[in-house]
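The values are calculated or read from the model by the stated rules, or taken from the named source; none is laboratory data. Just so we're clear, the structure is a prediction, and the values are computed from it rather than from any experiment. Reconstructed Cβ throughout: ideal geometry from the backbone, glycine too, with neighbour counts over all protein chains shown. Keep in mind that these areas ignore ligands, DNA and RNA; they rest on the heavy atoms of the full protein, side chains included. Shrake-Rupley method; radii C 1.70, N 1.55, O 1.52, S 1.80 Å.
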Amino acid sequence: MFAKKRGHTCLIASSMASLVVLMMVLYCTIGTQLQPGSSTLRQDYRPLYKLDQTWPRNPEVFTGDVFGVAVNQYSEVVYVAQRGDNVPKVLVFTIQGEFLMAWNTTTLEMPHGIFLADAASSNPTVWITDVGNGPNGHTIKQYSPSGNLLQVLGTPGKAGSGMKPLQFDQPAEIFVHESGEMYIVDGDGGMNNRLIKLSKDQELLWMHGEKGQGLAQFYIPHSVTVDSAQRVWVADRGNKRIQVFNSVTGDWLGTWGSCFTEDAPYSVRLTPDKKYFVVVQLNTNQISLLDAPPVGRIGQCTVVSVIQLADEVKPHLVDLDLKTGALYVAEIGAQQAQKFTPFTLGGL
């Protein structure tokens, strides 16, 4: 009788051990079982996101090179900017993946960065940087949610460095704070290497505009975001680093470079829980999540998770749904946008 109980106990223990091993294997590999040519998670980091293979439901509507993406978490829509001859420059989807509409506007030449402002208001707007060299290029444009042009920053068709009148040369991205203040990185390979802060009334508040490798100097500043601790984070692409500034004074606060020895940061965004920065590296086809430092400290960057995309996907810019935490990625090489959702397993 004792032998039977002991054997039964051993069987249960063996089964439990097998279950634990199975769960460990599942935890390590989940996120790697994705469709061919999509993405995998490096197993030396803990997985934080998984690919939503159902988004979008009509991938055939992508007809150009996808450069930017912006999310309105309140109206639950996603704007995707693409380039190409005779293609709509903006596609609009629901967060569930349904295709809603295309902007067949002639006022956009070559969209680069795209940003959703005043999302919680009754009048949200979409800001798009235009790096084209034609009569509408070198500008930043504000649109209604349906694609009606509302205003233009810069001097259309004229690249320059002036502030009165305001000029840009291939402006890369804009971040519009809830206060209405604007942070602009200018430019994407042109004559300018500037971080500009404008007031709500579009008056210059402060600027860093020197090309170089020194502190507060830039070489192709490519993306900008602002956190709740009055810090501005800039993806200084050509220098393979992220630089940090005080949003009020413009003072330089620090630099992150140790995470970008293989490839430059192209895009920088903060997760809704303020725990991580999402950084895209185009040439290594990676999306990295970095620990966000506490208030009053910059320190050095620490990578906590990596989404490894397939070769030649070329992720460019990202945005996050600030309600659900979902991550949307604009991919130039794959000519698509993809959605990743926060990963959880048994509370882990």
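Before moving on, here are some points about what is shown:
- Between ASP85 and ASP273, the distance separating the two model label sites (each 7 Å from Cα on the Cα→Cβ line) works out to 4.8 nm.
- The slack in the chain from LYS164 to ASN58, taken as 0.36 nm per residue of separation less the alpha-carbon distance, amounts to 33.7 nm.
- In the chain, Cα pairs under 8 Å separated by at least six residues give a relative contact order of 14 percent.
- Förster-model FRET efficiency, 45 Å R0, ASP311 and SER146, C-beta, rounded to 0.05: 0.75
- Accessible surface of HIS208, taken over heavy atoms with a 1.4 Å probe and every protein chain present, rounds to 40 Å².
- Amide H contacts of GLU109 (H built 1.01 Å from N, in plane; Pro and chain starts excluded): GLY132 sit under 5 Å, all sequence-distant by 5 or more or on other chains.
- Candidate lysines - alpha carbon under 16 Å from LYS211, same-chain residues fewer than 8 apart omitted: LYS240
- Over 24 Å between alpha carbons, listed pairs LYS50/LYS314; LYS197/LYS323; LYS158/LYS339: LYS197/LYS323; LYS158/LYS339
- Stretchable slack from VAL295 to MET101, in nm (0.36 nm times residue separation minus alpha-carbon distance): 65.7 nm
- Peptide packing: for 199-207, 48-56, 146-154, 77-85, the average count of neighbouring Cβ atoms within 10 Å per residue gives the ranking 77-85, 48-56, 146-154, 199-207, highest mean first.
- Inter-label distance, SER121 to GLU262: 4.2 nm, where each label sits 7 Å from its Cα along the C-beta direction.
- Extended-chain gain in nm, criterion 0.36 nm per residue less alpha-carbon gap, GLU178 and SER228: 16.9 nm
- Whole-number accessible area per residue in Å² for region 217-303, which is evaluated in the context of all protein chains at 1.4 Å: 35 Å²
- Computed over region 205-307, relative contact order equals 18 percent, with contacts defined as Cα pairs under 8 Å that lie 6+ residues apart.
- Solvent-accessible heavy-atom area per residue, rounded to whole Å², over region 78-171 at 1.4 Å: 39 Å²
- A 1.4 Å probe over all protein chains sorts PHE99, PHE168, PHE115 by accessible area into PHE99, PHE115, PHE168, starting with the largest.
- Placing a label point 7 Å from the Cα of LYS211 along the Cα-to-Cβ direction, no residue of region 124-153 has its backbone N under 11 Å from that point.
- Within the shell of other residues whose beta carbon sits under 12 angstrom from the beta carbon of VAL92, the net charge comes to -1, with Lys and Arg scored +1 and Asp and Glu -1.
- Rounded, prolate or oblate (a/c below 1.5 giving rounded, otherwise prolate when a/b exceeds b/c) for region 223-347 by Cα gyration tensor: oblate
- Taking other residues whose beta carbon is less than 11 angstrom from the beta carbon of GLY180, and scoring Lys, Arg as +1 and Asp, Glu as -1, yields -3.
- DSSP-defined antiparallel bridges as percent of all bridges, region 44-152, nearest 5: 100 percent
- Surface share of carbon and sulfur [accessible, 1.4 angstrom probe, percent] for region 235-287: 46 percent
- Net charge, TYR266 excluded, C-beta distance under 14 Å - Lys, Arg +1, Asp, Glu -1: -2
- Portion, in percent, of the accessible area of region 113-162 that falls on carbon or sulfur, probe 1.4 Å: 48 percent
- Taking MET101, MET191, MET163 as the candidate residues, the one with maximal mean-square fluctuation in a Gaussian network model of the chain, Cα springs under 10 Å, is MET163.
- Ordered by solvent-accessible area of protein heavy atoms (1.4 Å probe), largest first, the residues ASP311, ASP65 come out as ASP311, ASP65.
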